[in-house]
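*Asks:* Sharing a structure with you now.
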Amino acid sequence: MSSTSTTPSVDEAGHAGARPHSHGPGSPVPVQTRSDRFASAVHGDFADVTGRELEWRLTPVAAVRDLIDDELDGSPFPAVVSEADGVTTEWIDRTDARIGTAGLAEERAAANAWSRFEEALSVTLTAEEPVVVTIDRAGADSTPRAAHTIITAKPNARGLVIIDNRGSTRLSENVEVVAEAGSDLTVVSLQEWDDESVHLSSQFGRVDRDARLKHVVVSLGGSVVRVNPSVHLSGAGADGQLLGLYFADAGQHLEQRVYVHHIAPHTISRVNYKGALNGQGARTVWVGDVLIGRDATGTDSYEQNRNLVLSDGTRADSIPNLEIETGDIAGAGHASATGRFDDEQLFYLRSRGIDEQEARRLVVQGFLIDVVQKIGNAELEARLVAAIERELEAVEVV
């Protein structure tokens, strides 16, 4: 999306129609800014993935090659959506005008999923009183699959939508989230897949005038899980809060590539991702891009990523990026840190009679639960606290 566009559009062939500065693969003109990246819903529009590309060089490409290039089962992915007043759920055809209004694929795997899905799951919130909706998705087998989901909060609607991913899967998907004027929407993407699962998810958000979107990614299970949220603050006064929590065990690869585009004036964004790594070969990747466009005067933005290393043999990549195209902003900044424990916290706990191993567990728990407590739903927060405690049971922190 260019800094002058508010929403991408897709023509009948699935090509982006609102990216005047985009350059396709192989173009001699290099991408100058984050919003100039090529976008298309057509798999063949993207060059073959070698693993050396900027968007793939930190990903185990061999482990996800089938999702990038192979034929995918595009039949509706199994999902059960809870019922609530003011919530409409339907399966819609891929030609529906709502598809592509929040974003468009910027890499080959997302385009493969976009090209293959047959119907999209649409969940629309209209109630002005807060509602809670759960999209219960239990993967059934290892068949490579494609999926597409659209979550829409109509003007002044309020609600929490939980995408609850469990079971076994090989899934590539696109999720679109639209927060229309004055709405307040929280979307939680929860990955508690079985150990062998592989999941690639591109998630696009559009936040209109005076709307608020809280987007939360929680990745705990799966072999390779890559969730890439892109949020476009397209209306004046839009507010985007992007939170993330992940815990990588031995041999597990958890990746998040976050993009926030401030398009309209007086927009606010906060990005806060926290992760822990334990065990030989545990790997996490976090890339955070924030672009403040030339028309986004009065922007207030900050992003940070924190990683806590619990054992030897782990690797955490953390790459924050900030682009500013206007000098008239309220503030912008970013931070990144990866390390072990805070010795002062450990000393304080041990001085209160807590043994060292238990003290270390409490520090880890407090570090991660900081994100959980910002979700704003007591039942889900309690579930995630219990999940974190289970992760910590097997940890011999050094």
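*Asks:* Looking only at the range 156-190, which residues are of a type in the set (V, I, T) and assigned to a strand (DSSP E or B)? Can you show your working first?
*Replies:* First pass over the range 156-190, keeping only residues of a type in the set (V, I, T): 161-163, 169, 175, 177-178, 186-188.
Hits for the range 156-190 are V161, I162, I163, V175, V177, V178, T186, V187, V188.
*Asks:* Looking at the range 79-101, is at least one residue out of contact with any Phe, Trp or Tyr (no Cβ under 7 Å at 6 or more places or on another chain), over 17 Å from A153 (Cα atoms) and of a type in the set (G, A, S)?
*Replies:* Yes, the range 79-101 contains a residue that is out of contact with any Phe, Trp or Tyr (no Cβ under 7 Å at 6 or more places or on another chain), over 17 Å from A153 (Cα atoms) and of a type in the set (G, A, S).
Each row is one residue, and each column tells you yes or no for (1) under 30 Å from G251 (Cα atoms); (2) in contact with a His (Cβ under 7 Å, 6 or more places away or on another chain); (3) not small (G, A, S).
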| residue | (1), (2), (3) |
| --- | --- |
| D48 | yes, no, yes |
| G51 | yes, no, no |
| L54 | yes, no, yes |
| D66 | yes, no, yes |
| S82 | no, no, no |
| G86 | no, no, no |
| E90 | no, no, yes |
| R137 | yes, no, yes |
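*Asks:* Another question about this same structure. Conditions first: (1) part of a strand (DSSP E or B); (2) hydrophobic (A, V, I, L, M, F, W, C); (3) over 27 Å from Q365 (Cα atoms). A337 passes all but one, so which condition is the exception?
*Replies:* So the condition that A337 fails would be (3).
*Asks:* Mind telling me which of the residues V161, V133, V175, V80 ends up being closer than 17 Å to L190 by Cα and open to solvent by 60 Å² or more (accessible area, probe 1.4 Å)? Can you show your working first?
*Replies:* Numbers: V161 fails: open to solvent by 60 Å² or more (accessible area, probe 1.4 Å); V133 fails: open to solvent by 60 Å² or more (accessible area, probe 1.4 Å); V175 fails: open to solvent by 60 Å² or more (accessible area, probe 1.4 Å).
Result: V80 is the single residue among V161, V133, V175, V80 that is closer than 17 Å to L190 by Cα and open to solvent by 60 Å² or more (accessible area, probe 1.4 Å).
*Asks:* For the range 371-391, name all the residues that are within 22 Å of V271 (Cα to Cα) and either touching a His at 6+ places or on another chain (Cβ under 9 Å) or open to solvent by less than 50 Å² (accessible area, probe 1.4 Å) (or both).
*Replies:* Step one: filter the range 371-391 for residues within 22 Å of V271 (Cα to Cα), giving 371-378, 380-381, 384-385, 388.
Passing the criteria: V371, V372, I375, N377, L380, E381, L384, V385, I388.
Residues checked against (1) closer than 24 Å to R315 by Cβ; (2) open to solvent by 10 Å² or more (accessible area, probe 1.4 Å); (3) in contact (Cβ under 8 Å) with a residue 12 or more places away in the chain:
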{"site": "A179", "(1), (2), (3)": "no, no, yes"}
{"site": "D184", "(1), (2), (3)": "no, yes, yes"}
{"site": "L213", "(1), (2), (3)": "no, no, yes"}
{"site": "V231", "(1), (2), (3)": "no, no, yes"}
{"site": "Y246", "(1), (2), (3)": "yes, no, yes"}
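*Asks:* Among the candidates A296, A276, which residue alone is open to solvent by less than 10 Å² (accessible area, probe 1.4 Å), at negative phi and part of a loop (DSSP other than H, G, I, E, B)? Working first, answer last.
*Replies:* Working: A276 fails: part of a loop (DSSP other than H, G, I, E, B).
Answer to the selection: A296.
*Asks:* Return yes when I329 is surrounded by fewer than 23 Cβ atoms within 10 Å (Cβ to Cβ), in a strand (DSSP E or B) and β-branched (V, I, T) and no when it is not. Can you show your working first?
*Replies:* On the way: surrounded by fewer than 23 Cβ atoms within 10 Å (Cβ to Cβ): yes; in a strand (DSSP E or B): no; β-branched (V, I, T): yes.
It is false that I329 is surrounded by fewer than 23 Cβ atoms within 10 Å (Cβ to Cβ), in a strand (DSSP E or B) and β-branched (V, I, T).
*Asks:* Can you work out which of the residues in the range 49-77 that are in a helix (DSSP H, G or I) and of a type in the set (D, E) is least open to solvent (accessible area, probe 1.4 Å)? Talk me through it step by step, then tell me what you get.
*Replies:* At the first step, the residues of the range 49-77 found to be in a helix (DSSP H, G or I) are 61-69.
Keeping just the survivors that are of a type in the set (D, E) gives 66, 69.
Numbers: D66: 29, D69: 44 Å².
Restricting to residues being in a helix (DSSP H, G or I) and of a type in the set (D, E), the top hit is D66.
The values are calculated or read from the model by the stated rules, or taken from the named source; none is laboratory data. Just so it is clear, the structure is predicted and the values come from calculations on it, not from any experiment. Glycine also receives a Cβ, built like all others from the backbone with ideal geometry; neighbour counts cover every protein chain displayed. Protein only, heavy atoms only, side chains kept; ligands, DNA and RNA dropped before computing areas. Shrake-Rupley method; radii C 1.70, N 1.55, O 1.52, S 1.80 Å.
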